[in-house]
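These notes concern the structure reproduced below.
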Amino acid sequence: MFSLKSSKPSFKSYLLPPQHEDKLSPETKIKKLKAVLLPGEIVVNEVNFVRKCIASDTSLYDLWGKLVCTNFKISFITDSPMPFQKFNYRNLLLGEHDVPLTCIEQIVVVNDTKRKQKILSSNQKLKFNPTELIIYCKDFRILRFRFDEAGPESAKKVCLALAHYSQPTDLQLLFAFEYVAKTYHNPTNKTNGIDPGGGGDPGPKTPLFETYSDWDREIKRTGASDWRVCSVNEGYMISTCLPEYFVVPSSLADLDLKQYSHHFYGRRMPLWCWNHPNGSALVRMASIKDLLHQRRIDQRVCNGITRSHPLRSEVYKCDLDHNLPGIQEIQTGFSKLKHLCVNEAFDETDEKWLSSLENTRWLEFLRVFLRQATELVYILDSKRRSVVLQEEEGRDLSCLVASLVQLMLDPYFRTIVGFQSLIQKEWVMAGYPFLDRCNHLKKSDKECPLFVLFLDCVWQLLEQYPAAFQFTETYLTVLHDSTRVSLFGTFLFNSPHQRVQQSTEFAIAKNIQLGDEKGLKFPPVWNWSLQFSAKDRALFNNPFYIGKSVPCIQNGVAKSFKRSKKNYSSTLRGVPPSLKNGIIAQPELMPRRNSLILKLRPESVQQIPGTQNNGLEQYLRDCFSKTTDLHGVILPRLDGPHVKLWKLCYLRWIPEAQINQGGFITAFHKISMLADEIETLQTRLRQYRSYPLSKATSPESEQSHMFFRADELNGNYESADFLSSSFPFSPVGNLCRRSIMGTPISKFLNGAKIWLSTETLANED
């Protein structure tokens with residue numbers, strides 16, 4: 001008979017019960033980690049059980065995870081948090097431990113047992129199994145990975161794959177082509193071409209100067225009445241390194257331009273850059289290679305520029321090849337700077353770091369270019385003469401000088417949109433060879449960091465006139481890093497023609513229907529919403545910036561209150577009387593041997609042919625003596641104390657150079673919250689004046705322009721681990737440097753009142 005009681009189950013399972021994710025073993029967790037991929041991105045190779053080194057002298061803070069190589073980046077994936085880090089800022093395209101392949105400078109593999117090391121190049125064989133991988137990056141980072149627990153063959157394969165894909169042999173192998181092809185084949189996921197001026201970012205769009213109308217608007221904005229948009233190069237029929245549309249004097253006919261073009265290097269005819277309100281123009285052009293016709297053509301071009309001037313002033317020609325250092329000198333100086341900042345620059349035994357910095361000549365190059373731009377500002381503004389920048393090919397030094405001159409003279413270019421349009425106009429469309437100078441394919445012998453030098457010059461001006469610029473040094477640093485991301489078309493090609501030609505060939509090979517489009521439309525770098533959230537993009541807004549006008553609403557009518565010069569206070573008040581024209585008087589010079597200040601002092605103002613040297617001196621004296629007009633001309637001070645090293649860009653990965661709760665970020669933090677509080681009060685005031693009192697007490701919330709908010713005063717932004725002088729890039733420091741935890745400098749930076757002696761440290765538990 002069956003019992004009424006339920007019997008106990010007799011089945012015994014020999015399978016393990018399902019485990020929750022948090023109960024998995026570390027090995028299983030690492031194997032389950034997967035890379036986040038973009039459209040068109042594929043995993044090439046990967047290796048498990050890799051150790052990422054945080055400090056070179058201890059493994060206490062190292063991270064364990066998986067190392068993945070894709071056709072876009074090298075990615076280290078881990079579920080372990082970074083030590084001592086509270087960090088909210090992140091790139092939407094790149095993870096915390098990701099590096100784009102185009103940002104990799106050098107790959108070194110090491111075998112500890114055999115005591116061998118090798119610099120890996122593309123298509124090379126590796127005869128030993130690596131135990132360590134060291135990656136030197138173009139943004140001065142160094143990454144170290146250990147393969148102690150990883151499979152030797154897997155480690156070898158991932159290193160070879162990294163060497164191969166980081167050194168492509170052809171332009172069309174760069175990731176941007178695969179990314180764009182995927183978006184064309186899948187229109188629902190299409191992120192390029194929708195809004196080329198600025199993506200999903202609110203506010204005015206950045207003109208790309210690819211169309212006739214963009215140039216025409218710029219002519220009208222600057223009031224260049226006797227200049228016209230020329231379409232003689234439409235379809236790149238004359239020059240492949242000029243834009244299809246550019247601006248020329250109205251008196252020069254298209255037929256004459258076609259005839260003259262054959263005599264210029266690269267057929268680069270005169271290219272208008274900008275017009276001063278007084279009528280003087282800034283023009284750039286290549287040298288005339290045909291000596292027999294040089295004088296005649298040069299005279300015809302200069303006459304055309306003179307006729308476009310209301311005063312018919314004589315044209316001033318500036319030979320940049322003669323006045324400025326060449327690209328090879330600049331590259332050598334930058335290599336020395338990188339070596340100084342990367343190779344244990346802050347050893348306690350190294351007491352000559354500043355002298356080593358001086359010997360790189362990088363700060364000297366900054367002074368030379370800023371000085372040259374200052375002299376040309378004097379010619380345009382005071383002498384009221386048009387300036388022609390002449391360079392052999394007209395697409396390197398002239399990009400930098402023309403941009404600096406416009407930045408000093410035109411406040412529009414000190415706004416975010418204006419600055420982006422300046423780069424688009426004077427660098428991208430004017431044919432600066434980004435592909436060769438950035439060496440994206442790792443095979444150019446003409447690499448040169450001219451664009452980095454330009455951003456550094458801009459930072460020097462921003463440092464001296466913080467209220468004159470709408471953007472911050474974080475924006476400049478992010479822009480510097482974006483040149484190494486092989487997804488945007490902005491910094492990927494040598495010319496607009498190369499983009500059209502290469503992308504058209506790629507589209508035909510991939511069976512992409514272009515229609516009426518001239519080549520594929522790559523996403524521009526100005527589409528910041530692809531990289532950063534709206535919150536993080538607020539870091540680009542400078543809380544010190546004083547806008548041209550402040551909107552004010554009275555009785556429902558918008559009015560504009562324009563500040564006069566008296567409303568501005570000089571950003572350099574309290575300058576000692578001995579500081580004149582950016583030069584320190586002799587008694588105040590620091591008596592340091594081999595000082596760059598001593599070398600530059602006698603030649604602080606170069607002689608300008610055709611002008612009085614004392615005229616330039618008087619112009620500088622007048623500019624520096626009066627209250628600074630932030631929406632007028634700004635001129636740099638060029639003496640030693642004012643030209644500084646751009647620490648946030650070059651030293652952000654070095655722990656010894658970082659200051660917790662210190663540096664510029666402390667002022668930025670406080671000013672941002674104050675600016676946010678003012679914005680809130682202005683919003684409530686507008687609501688009060690526009691609506692009944694009942695509605696004014698509860699205004700609609702608006703998106704703040706500041707990263708730090710006044711209502712977050714008690715939030716985690718006060719954390720010492722989050723706010724450091726390297727914010728927002730590296731709260732902990734370089735990932736292969738000596739650990740400074742427990743050292744006197746560490747204790748001091750974390751709040752110690754005094755320096756602890758060696759004896760005191762030795763007696764501590």
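If packing is taken as the mean number of other Cβ atoms within 10 Å per residue, what is the order of 318-325, 518-525, highest first?
Going by the mean number of other Cβ atoms within 10 Å, highest first, we get 518-525, 318-325.
Would you please give the residues with an amide H less than 5 Å from that of Arg228, counting only those at least 5 places away or on a separate chain, with H modeled from the backbone geometry?
The list, which skips near neighbours in sequence, is Val248, Ser250.
Between rounded, prolate and oblate, where does the stretch 283-435 land on the alpha carbon gyration tensor, with a ≥ b ≥ c its root eigenvalues, rounded for a/c under 1.5, else prolate if a/b exceeds b/c?
Working: a/c = 2.35, a/b = 1.91, b/c = 1.23.
Prolate.
For Ser59 and Leu311, what does the FRET efficiency come to when R0 = 60 Å and r is the distance between their Cβ atoms, rounded to the nearest 0.05?
It comes to 0.25.
Rank these by accessible area, largest first, 1.4 Å probe: Val68, Val500.
Working: Val68 0, Val500 25 Å².
Result, largest first: Val500, Val68.
In square angstrom, rounded to the nearest 10, how much accessible surface does His262 have for a 1.4 Å probe?
About 100 Å², ignoring ligands and nucleic acids.
Read phi for every residue in the stretch 159-164 and hand back ³J(HN,Hα) as whole Hz from Karplus 6.51 cos²θ - 1.76 cosθ + 1.60, θ = phi - 60°, with x for Gly and Pro.
With the stated coefficients, the stretch 159-164 comes to 5, 5, 5, 5, 5, 5 Hz.
Taking the Cα centre of each part, how many Å lie between the stretch 284-332 and the stretch 39-53?
For the stretch 284-332 versus the stretch 39-53, the Cα centre distance is 52 Å.
Rounded, prolate or oblate for the stretch 56-180? Axes are the square roots of the Cα gyration tensor eigenvalues, ordered a ≥ b ≥ c, and the cut-off for rounded is a/c under 1.5.
Cα axes put the stretch 56-180 in the oblate bin.
What is the Cα centroid distance between the stretch 371-396 and the stretch 110-158, reported in whole angstrom?
Distance between centres, Cα-based: 49 Å.
Normalised by the residues of the stretch 274-416, what does the relative contact order come to in percent, with Cα pairs under 8 Å and at least six apart?
With pairs under 8 Å counted, the relative contact order is 43 percent.
For the pairs Lys138/Lys317; Lys116/Lys352; Lys31/Lys73, note any where the Cα-Cα span goes beyond 27 Å.
Beyond 27 Å between Cα atoms: Lys138/Lys317; Lys116/Lys352.
Could you give the nm distance between label points at Gln618 and Lys336, where each point is 7 Å from its Cα heading toward the beta carbon?
That separation, rounded to one decimal, is 3.9 nm.
Once Lys and Arg get +1 and Asp and Glu get -1 on their Cβ, which of Ala534, Tyr475, Gln424 lies farthest toward the positive end of the dipole of the stretch 399-555?
Result: Ala534, furthest along the dipole toward the positive end.
How large is the charge dipole for the stretch 470-537, taken about the Cα centre, if only the Cβ atoms of Lys, Arg (+1) and Asp, Glu (-1) carry charge, to the nearest 20 debye?
For the stretch 470-537, the charge dipole is close to 80 debye.
Charges on Cβ only, +1 for Lys and Arg, -1 for Asp and Glu, centred on the Cα centroid of the stretch 262-345; of Pro277, Val301, Ile330, which one is farthest towards the dipole's positive end?
Val301
If you find the alpha carbon centre of the stretch 481-538 and of the stretch 401-445, how far apart are they in angstrom?
Centre-to-centre distance over Cα atoms comes out at 16 Å.
Please list 3J(HN,Hα) in residue order for the stretch 424-437, calculated via the Karplus relation 6.51 cos²θ - 1.76 cosθ + 1.60 where θ = phi - 60°; whole Hz, with x for glycine and proline.
Along the stretch 424-437, the couplings run 5, 6, 8, 10, 5, 6, 7, x, 5, x, 4, 4, 7, 6 Hz.
The values are calculated or read from the model by the stated rules, or taken from the named source; none is laboratory data. Keep in mind it's a predicted model, so treat the numbers as computed, not measured. Cβ coordinates were reconstructed from backbone atoms using ideal geometry, including for glycine residues, and neighbour counts include every protein chain displayed. Accessible surface areas use protein heavy atoms only, side chains included; no ligands, DNA or RNA. Shrake-Rupley method; radii C 1.70, N 1.55, O 1.52, S 1.80 Å.
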